[in-house]
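Read the structure below first, then the notes.
The values are calculated or read from the model by the stated rules, or taken from the named source; none is laboratory data. Keep in mind it's a predicted model, so treat the numbers as computed, not measured. Every residue, glycine among them, receives a Cβ derived from its backbone with ideal geometry; neighbour counts consider all protein chains shown. These area figures cover heavy atoms from the full protein model, side chains too; ligands, DNA and RNA do not enter into them. Shrake-Rupley method; radii C 1.70, N 1.55, O 1.52, S 1.80 Å.
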Amino acid sequence: MTDHNDLDRQLVELLELDVDRCSRVYATAPCAAGQQHSGTAQAGAASTITLDTGASAVDDAYNTMLVYIVSGTGNGQERTISDYVGSTRVATVSSAWTTNPDATSVFRITNPNSAGACYETYKTCQDKANFLKDTKIYRFCSSGSIVSGAAAVFPYVASMRNVPTVVDPDKGLARRALVTVQLTDGPESDREQDDYIANRAAVAGGTFLGRLIGRNHNMVGRTARIKRQYVTPGAAAALSGAWVTEQYIIAAVAGPDRSGAITVSLEDPLKLADRTQVPAPDDGELLSSITSSALSLTLKSGQGADYASSGYLRIDNEIIQYTSKTTDTLSWTDTSYRGKLGTTAVAHNADARVQTCRVWSAAGFRTVIEEILNESSIVDANIDLTGLQSEQDTWLGTLSITACISEPEKASQLLMELCRLAYGVLWWNPVTQKVTFKAIRPLLPGATPPLLTDAGGLIEDTVDVSRQEAERITRAGIYYAPVDVTQKKDEPSNYRRGYIYVDADAEGTNEYNDVREDVFYTRWLDTTGEQSAAEYATHRIFARRNAPIHVKCRIDPKDDDVTIAGQVEIETRGIHDVDGEVLRSRFLVLRRQDNGRDVEIELLQVYLDRRWFWIAPDANPDYTSASETERIFGYLSDAGGLLPDGLEGHLII
């Protein structure tokens, strides 16, 4: 086994926080903060402007300040005042006007050198209408780390605890990752936070993090990164060097506690799906009652603006399809648009809630997943759309999604149901910084999984093998094609179709001699979804017919080809064949946690090491003449399920 004591390297971890910053210059147009005076000019010339009579009568009162023409002649020009004569109200500017101001020119004078300047944050902004959001990055490392580079790095990280993503084929949607960083604080200079420190009468006191939090109340939801780099012990990690970067969002900033520590909690963006409801809740209500045959409804005044021009609505337990909108009135062509999707047309009283439904009809898996993620504020740039499309094209081409979600539900619940139906997993990959989907299927022809063995790869005395008897099943059932989309989703009588796969051998007296049923209710298939239902049930039986084996172990960080939701083969003395020999087995990687000197992984045995049936090209020879590469394709076995060389025949599901 691998001995982890020879890993002579040091892990440097960096926390980066993206904090909102205004890109405007204080008191410089269009920022109107720091205003000293405003009015309408009396006159103007090539390099002067005569201010109104209410301006200061003191000489040089506005020297070094900025005068900006707000409107009128010369609108949009800004100049620095180089001299001012109080008795005449004439201000001389540092460079000539492009268009000379005149008696129509409305101006303002601001002082960019004011001791009362903002800190370029929204909370301290003095002209919020002109706040222009940009980003400033604050970097933190542990006190024992050395980081070199031009940007400031503050040694405030006291601890960093990572709860990694865990994929789960039974749930589909991965457990979201969480990182908790505890920061100490210190009386650091304010120069990093205050661009106007030179103009202040007194420099701000307090501590660095105290000021940062005090000036930025809105850090939650902003982007953060954890960056990791291995260096020789005692060496510096260069900011420009090769970092492994993980991206998260800021979930909370707490503290300081009694010891002065600040705790920053980070979570992966899929957590947004826990906070989003699909469809979005509507607060529209009927202005007046409607009959069971009405062809329109009217919402209360102004509420129509929140509804699309056409779509589906739920009122009480009826689904209505409407085709047009005029202000607050929604209408449809005839009574066939009433009582849709298994519901019944009935009368509805005034004040009844009118909820928009989310409907998909014969949609592709990729489309539905993308739309739900988008509605959770996860943009396409943070979704692996190429990979999602590839998984659909390769494995899910026959999966057609038809569904109506008639009441607001957590987006994460919808994603979980979809991924379970597809027998795949969805997770946030913090390194690629994208939401990723992977169907749990065999590797494509020619692909070889990483191999970890007791002799190489697995760290000595870290392998823990367990068999999960409670997860074993003998039959898998699926109910699909709901009768009424407004009724309970876990009621068998509310579904038009059902499919059950029974493993009679597993239930027989010579094997387990029991019945263990796994039932799934899905509202994502209509009556045409029999093939997808059968595929789901078959996958479940193959995955859970025997008690799945879980493995927890540690590996060398250099084995970076062992990735979340990837496949790996294991040879360890905890897993044997019928002859007592170590049996090479295929596993799915559920979890990967980098601890610095080693990596902890959790694995689940999958049935993907069986011989799958790939359709062979026309030119392929008979099995006995085929090469090893050609034998990855399908060949017919004999009545005993064996190929001519005695190997197990291919698996067809």
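Here is how the number arises for the chain: DSSP H runs of 4 or more residues each give -39500 (n - 2.57), the sum is divided by the residue count, and the result at 222 nm is -3000 deg cm²/dmol.
Counting every pair of alpha carbons in the stretch 216-365, the share spaced more than 19 Å apart comes to 68 percent.
With protein chains left intact and a 1.4 Å probe, residues in the chain average 45 Å² of accessible area per residue. For the stretch 398-446 versus the stretch 486-528, the spacing of their alpha-carbon centroids is 21 Å.
Here, P(r) means the percent of Cα pairs in each 10 Å bin from 0 to the largest distance; for the stretch 195-254 it is 17, 29, 29, 24, 2. At q = 0.15, 0.19 Å⁻¹, what log₁₀ I(q)/I(0) does a Debye calculation on the Cα points of the stretch 383-463 give, no solvent, two decimals? The calculated log intensity ratios at q = 0.15, 0.19 Å⁻¹ are -0.75, -1.00.
Does the stretch 538-598 come out rounded, prolate or oblate, given a ≥ b ≥ c as the square roots of the eigenvalues of its C-alpha gyration tensor, rounded meaning a/c under 1.5 and, failing that, prolate meaning a/b above b/c? Oblate, because a/c is 1.5 or more while a/b does not exceed b/c.
State, as an integer percentage, the relative contact order of the stretch 482-591 based on alpha-carbon contacts under 8 Å between residues 6 or more apart. Once divided by the residue count of the stretch 482-591, the mean separation gives 18 percent. Look at where the Cα atoms of the stretch 455-471 and of the stretch 238-265 average out, and the two centres are 33 Å apart. Computed about the Cα centre, the dipole magnitude for the stretch 266-410 is approximately 480 debye when only Lys and Arg (+1) and Asp and Glu (-1) carry charge, each at its Cβ.
Here are labelled values, (i) 56; (ii) 51; (iii) 33, and one is the computed percent of Cα pairs over 38 Å apart for what I pasted. Which one? For percent of Cα pairs over 38 Å apart, the calculated option is (i). The separation of the stretch 152-221 from the stretch 18-45, counted between C-alpha centres, amounts to 31 Å.
All alpha carbon pair distances within the stretch 270-429 were sorted into 10 Å bins beginning at 0; the resulting P(r) in whole percents reads 10, 35, 28, 20, 7, 0. Only beta bridges with both residues in the stretch 95-184 are counted; by DSSP, about 70 percent of them are antiparallel. Our summary gives the chain a relative contact order of 11 percent, counting only alpha carbon pairs under 8 angstrom and 6 or more residues apart.
Overall shape: prolate for the stretch 326-371, with the ratio a/c of the largest to smallest alpha carbon gyration tensor axis at 1.5 or above and a/b above b/c. Within the accessible surface of the chain, defined with a 1.4 Å probe on protein heavy atoms only, the carbon and sulfur portion equals 48 percent. Which shape class, rounded, prolate or oblate, goes with the stretch 336-431 when its Cα gyration tensor gives a ≥ b ≥ c as root eigenvalues, a/c under 1.5 marks rounded, and past that a/b bigger than b/c marks prolate? Prolate is the answer for the stretch 336-431, as a/c is 1.5 or above and a/b outweighs b/c.
Of all DSSP beta bridges confined to the chain, the antiparallel ones make up roughly 85%. I want the local charge near R24. Using Cβ-Cβ distances under 13 Å, sum +1 for each Lys or Arg and -1 for each Asp or Glu among the other residues. That works out to -3. Of the residues A504, L525, L458, the one whose Cα sits farthest towards the positive end of the charge dipole of the stretch 453-609 is L525 (charges of +1 on Lys and Arg Cβ, -1 on Asp and Glu Cβ, taken about the Cα centre). Taking Cα centre as origin and charging only the Cβ of basic (Lys, Arg, +1) and acidic (Asp, Glu, -1) residues, the dipole magnitude of the stretch 177-231 rounds to 280 debye. For the stretch 1-136, the fraction of alpha-carbon pairs lying more than 26 Å apart is 38 percent, rounded to a whole number.
Charge dipole of the chain (Cα centre as origin; +1 on each Lys and Arg Cβ, -1 on each Asp and Glu Cβ, all else neutral): 2040 debye, rounded to the nearest 20.
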